[in-house]
Every structure is written in structure tokens, then in C-alpha cells.
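Below you'll find the structure, written out as C-alpha cells, and then a few comments.
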Amino acid sequence: MARSWEPGSTAHWSNRNKPCAIALEGTRQEFVSEVGWSVSSFADLKSVREPRGWRSVGGDVFTYEEADGRTLVAAFPCEVPDAGEQQEAGLPMEVRVSGRAIPGFKDHLRGTLASALARTMSGALGCVNAPLIPEEL
């Protein structure tokens with residue numbers, strides 16, 4: 001369930017949720033997904049000075065790969081119904097997917113799972129702006 005927040009508030013900075021975390025006992029194999037409001041604005045995502053190197057991947061989505069080489073982060077605009085003005089125009093929704101020691105994860109599965117999670121969150125939150133999220137990121 002979405003809740004109201006003020007930019008810069010504790011609710012904004014500490015609102016990460018992990019809808020899925022799976023690890024196979026006795027192996028290094030692991031999958032983790034996270035969702036939350038981004039700490040970056042869309043102006044930040046589009047900036048050439050942004051150190052993480054966000055890139056547009058089509059539709060309304062920007063992505064970057066974390067330095068660990070396992071994690072893909074995707075951000076998209078989501079205007080939540082009945083949210084305050086600052087929240088609607090503020091920060092994008094962010095999804096992260098990460099896998100370790102999973103064959104083929106980085107090459108195909110990671111982008112497919114990130115897209116599916118982003119589309120699921122967009123629908124669950126009822127994003128009134130109906131962001132365009134490609135099938136694979």
C-alpha cells in the first residue's frame with residue numbers, strides 16, 4: 001500500500017521493500033528484488049553528471065547496472081492517485097533485481113524480471129500516468 005510522504009522525510013529515505021528473496025541452501029545462488037521510491041529525480045536520471053550512468057531504455061524507463069555487475073536498477077514515473085502535489089511530480093518508483101551464481105541471469109532473465117516487477121508495481125499502485133514499460137529492460 002502506498003503512503004504519503006514529504007520529499008527528504010524518513011518515509012522517503014527508508015521505504016525499500018523486498019518482495020522476493022530466494023537463496024539455495026548450500027550454494028551461492030541467490031535472487032533478490034527490491035522496490036521503493038527513488039532518491040533521484042528524473043532530472044537527475046537524465047543528467048550527464050549523474051555518476052551512476054542512468055540510461056533511457058525506451059518507454060518511460062531509465063536503468064543502470066550497479067558496480068557489482070549483478071544488479072539492475074530501473075526507474076519509472078508513477079503518479080499515485082490522491083497523492084500530494086509534490087509526491088506526484090517528485091521522485092520515480094525504482095525496482096532492483098539482483099542475482100548471484102544463476103546461469104544466464106545477467107544476459108536475459110534479469111531484464112525480464114525487472115520489467116515484470118516494474119509493470120506489476122505500476123499496476124498495483126495504480127499509476128495514473130500509465131508509464132510505458134518495455135517487456136525487457
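The values are calculated or read from the model by the stated rules, or taken from the named source; none is laboratory data. Small disclaimer: the values here were computed from a predicted structure and weren't measured. Counting neighbours? That spans all protein chains shown, and the Cβs are built from the backbone with ideal geometry, glycine included. Only protein heavy atoms, including side chains, enter the accessible area calculation; ligands, DNA and RNA are left aside. Shrake-Rupley method; radii C 1.70, N 1.55, O 1.52, S 1.80 Å.
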Just the residues that are surrounded by 14 or more Cβ atoms within 10 Å (Cβ to Cβ) and among the aliphatic types (A, V, I, L, M), please, taken from segment 90-124. Leu91, Met93, Val95, Val97, Ile102, Leu109, Leu113, Ala114, Ala116, Leu117, Ala118, Met121
So which residues in segment 40-67 are open to solvent by 20 Å² or more (accessible area, probe 1.4 Å) and at pLDDT below 85, if there are any at all? Ser41, Phe42, Ala43, Asp44, Lys46, Ser47, Val48, Arg49, Glu50, Pro51, Arg52, Gly53
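Okay, residues lined up against (1) acidic (Asp, Glu); (2) within 28 Å of Glu25 (Cα to Cα); (3) touching a Cys at 6+ places or on another chain (Cβ under 7 Å); (4) part of a helix (DSSP H, G or I):
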| site | (1), (2), (3), (4) |
| --- | --- |
| Arg96 | no, yes, no, no |
| Gly99 | no, yes, no, no |
| Leu109 | no, yes, no, yes |
| Ala114 | no, yes, no, yes |
| Pro131 | no, no, yes, no |
| Glu135 | yes, no, no, no |
Is there any pair linking a residue in segment 20-32 that is open to solvent by 70 Å² or more (accessible area, probe 1.4 Å) to one that is not in a strand (DSSP E or B), with Cβ under 6 Å and at least six apart or on different chains, and which? Arg28/Ala101
Evaluate the following for Glu79: is it surrounded by 11 or more Cβ atoms within 10 Å (Cβ to Cβ), modelled with pLDDT of 80 or more and part of a loop (DSSP other than H, G, I, E, B)? yes
